[in-house]
Amino acid sequence: MSTPEKKETLAERVKRLSRGLRGTLQESLKDEHTGSLRSDDQLLLKFHGMYQQDDRDRREERALKKLERLYSFMIRLRIPGGMIGPVHWESLHNVAGENSTGTIKITTRQTVQLHGILKSKVKPTIKAFDQVFLDSIAACGDVNRNVTCTANPSSSPIHKEVFSYAGEISRSLLPKTRAYYEIWLDEEQVLEKEEPQDPLYKDVYLPRKFKIAIAIPPYNDVDVFTNDIGLIAIIEEGELKGFNVSIGGGLGTTHGNPDTYPRVGTVMGFVSKKDVLKVVYEIVTVQRDFGNREDRKLSRLKYTVDRVGMDFYKKEVEKRTGITFSPAKEYKFTTRTDEFGWSQDKAGNWHYTVFVENGRVLDENGYLLKTALLEVSKTRRATFRFTCNQNLILSDIFTKDKDLIESILVKYGVQRKTSEASPIRKNSMACVALNTCSLALAEGQRYLPTLIDKIEVLLDKHSLKSEPITIRMTGCPNGCARPYISEIGLVGTALGKYNLHLGADWEGGRLNKKYKEDLDEAAILGELDGLFSQFAKDRKQNESFGDFTNRIGILK
């Protein structure tokens, strides 16, 4: 009996015929009759770190006027480990003001993105970033994306060594095509010289996006188990020995499709630090070769692991690397929140974590955060580190410069804003959602702050205002703000309606569960009011809200 012929999907065909991710992007960019790109080029654009979007708030207005949608582009930078220098930040500030909406958005993957860039401004934006050695290569698309790492240098004496692996992994997994440089930076084309095939991605790339994170226990600020590959640093007697390797994490789902689900990663075992790069590389190649290319909704590594089995996947990686996994070593996570305010590392340098609500850096309502950070950058006395919780660390500050940086933070109210924010607000995250994300069914970052205002009233009512509950909101089930691993998760189903999820643990190792569906604001607040009342009365000593809701049985 013959094997049924596999049908090539549109996405797979576009990748295969893209001529190394070139497609017809150059021709699309030159077309001045539209603010859009050709449909195939919109898919390829993601591999260059960009998405085409439009202002959904203005769709109806423009349709009535028989105008094309107001298209624009989002550009996301590739910043392994999330660290840039003050010169980079100043350039980012200027580019955002000249070419985008002006808002700098810190993402949940430890990088930044700009929105609202018109088609004619895309190339100038990329060129401006290139002047300070920043790029957006592989920040999106069916490739390995930005590699994240525990953010704060004060987290461990060997933070610098662990952090270096983010850059090494990122470089080893970059696409080899020169298309980015040809299209955006006007490098001489090499296609006619028969560019060598990419040994990792070949001409089909990966079945879907791929994410990697590195955590340094006891900190799990990267939510390591939500990644395709999670590396947990094992430190013994002050020395990095290697990493426990987790695979198969991922949170995206589809409403109404029971074949899709969130999943936390499974630990395969331990590998030494000298072997970790090779192991990571071959985990990716196994996903390349065995991942589902017929249904993009089932193409992430989590589905591959569950389909072929962990034993098969592990043995295949061991065969390709010639390396045998050792049993996983002991570790313990105690927190995944950011440590706000000042901290000092073992070398004596200072780091200040700024609370940035939903990662939005802008000057708004009298709070001049963007101006303050520009002033800090102009001192050249601090580096800038992004966290996976969408906050910013002003980092690597010498003791002699600490007072200068602090004076700027006080002058613009940054220190006050950070210190006065409630614990639940500091532990909140939301995706961009409306008005630019084409997948959004409900609001995200524009709505969550006002909802938290009302939740804070409830917490105060039940004497829980100091409780550091994690709360995350997304406008759709794709899970960009990681709502399925928060103590309170809100997942948009329609405008003004959300599924309410409860029961994740504080450390980031357990998923929550769907508690109620399609709730409006009044219903959400009503449910939380009752739960907070019960929590205040019946919790065990030091029990988190997520552990409480999981223990009392309401999620069955």
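When segment 315-328 is filtered for residues that are within 27 Å of the chain's Cα centre (by Cα) and more than 20 Å from Arg208 (Cα to Cα), only Ala328 remains. Hey, does segment 131-145 have a residue that's part of a helix (DSSP H, G or I), more than 14 Å from the chain's Cα centre (by Cα) and outside the structural domain of Ile393 (by TED's automatic domain parsing)? No, segment 131-145 contains no residue that is part of a helix (DSSP H, G or I), more than 14 Å from the chain's Cα centre (by Cα) and outside the structural domain of Ile393 (by TED's automatic domain parsing).
Let's see how each residue does on (1) under 20 Å from Arg22 (Cβ atoms); (2) free of Cβ contacts under 8 Å to residues at least 40 places away in the same chain; (3) of a type in the set (A, V, I, L, M):
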{"residue": "Gly49", "(1), (2), (3)": "yes, no, no"}
{"residue": "Asp54", "(1), (2), (3)": "no, no, no"}
{"residue": "Ile75", "(1), (2), (3)": "yes, no, yes"}
{"residue": "Val87", "(1), (2), (3)": "no, no, yes"}
{"residue": "His93", "(1), (2), (3)": "no, no, no"}
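Given the criteria touching a Ser or Thr at 6+ places or on another chain (Cβ under 7 Å), among the polar types (S, T, N, Q) and surrounded by fewer than 19 Cβ atoms within 10 Å (Cβ to Cβ), does Asn292 qualify? Considered against the rule, which asks whether it is touching a Ser or Thr at 6+ places or on another chain (Cβ under 7 Å), among the polar types (S, T, N, Q) and surrounded by fewer than 19 Cβ atoms within 10 Å (Cβ to Cβ), Asn292 comes out as yes. Scanning segment 460-508 for residues that are closer than 23 Å to Gly553 by Cβ, over 21 Å from the mean Cα position of the chain (by Cα) and surrounded by fewer than 24 Cβ atoms within 10 Å (Cβ to Cβ) turns up His462, Leu464, Glu467, Asn499, Leu500, Leu502. Within segment 248-259, the set of residues being in a loop (DSSP other than H, G, I, E, B) and in contact (Cβ under 8 Å) with a residue 40 or more places away in the chain comprises Gly248, Gly249, Leu251, Gly252, Thr253, Thr254, His255, Asn257.
Please find, among Val267, Val284, Val280, Val317, the residue that is among the aliphatic types (A, V, I, L, M), free of Cβ contacts under 8 Å to residues at least 60 places away in the same chain and either in the same structural domain as Ala494 (by TED's automatic domain parsing) or in contact with a strand residue (DSSP E or B) (Cβ under 9 Å, 6 or more places away or on another chain) (or both). Just one listed residue meets the conditions, Val317.
Taking the numbered list (1) part of a loop (DSSP other than H, G, I, E, B); (2) farther than 27 Å from Ala128 by Cα; (3) not hydroxyl-bearing (Ser, Thr, Tyr) in turn, Leu37 passes all entries but (2). Scanning segment 448-480 for residues that are more than 23 Å from Thr549 (Cβ to Cβ) and not hydrophobic (A, V, I, L, M, F, W, C) yields Pro449, Thr450, Gly475, Asn478. When segment 91-141 is filtered for residues that are surrounded by fewer than 18 Cβ atoms within 10 Å (Cβ to Cβ) and not polar (S, T, N, Q), the ones remaining, listed by number, are Gly97, Glu98, Gly102, Leu118, Lys123, Pro124, Lys127, Ala128, Asp130, Val132, Phe133.
In segment 410-430, the residues that are of a type in the set (Gly, Ala, Ser) form Cβ pairs under 7 Å with partners that are part of a loop (DSSP other than H, G, I, E, B), at six or more places apart or across chains, as follows: Ala421/Phe355; Ser422/Lys465; Ala430/Gly444; Ala430/Gln445; Ala430/Ala481. Is there any pair with a first residue in segment 26-44 that is of a type in the set (S, T, N, Q) and a second that is assigned to a helix (DSSP H, G or I) whose Cβ atoms are under 7 Å apart and which are 6 or more apart or on different chains, and what are they? Final answer for the pair search is Gln26/Ile183; Ser28/Asp41.
The values are calculated or read from the model by the stated rules, or taken from the named source; none is laboratory data. Remember, predicted model here, so these are calculated numbers, not experimental data. Don't worry about glycine lacking a Cβ; one is built from the backbone with ideal geometry, like all the others, and counts go over all protein chains shown.
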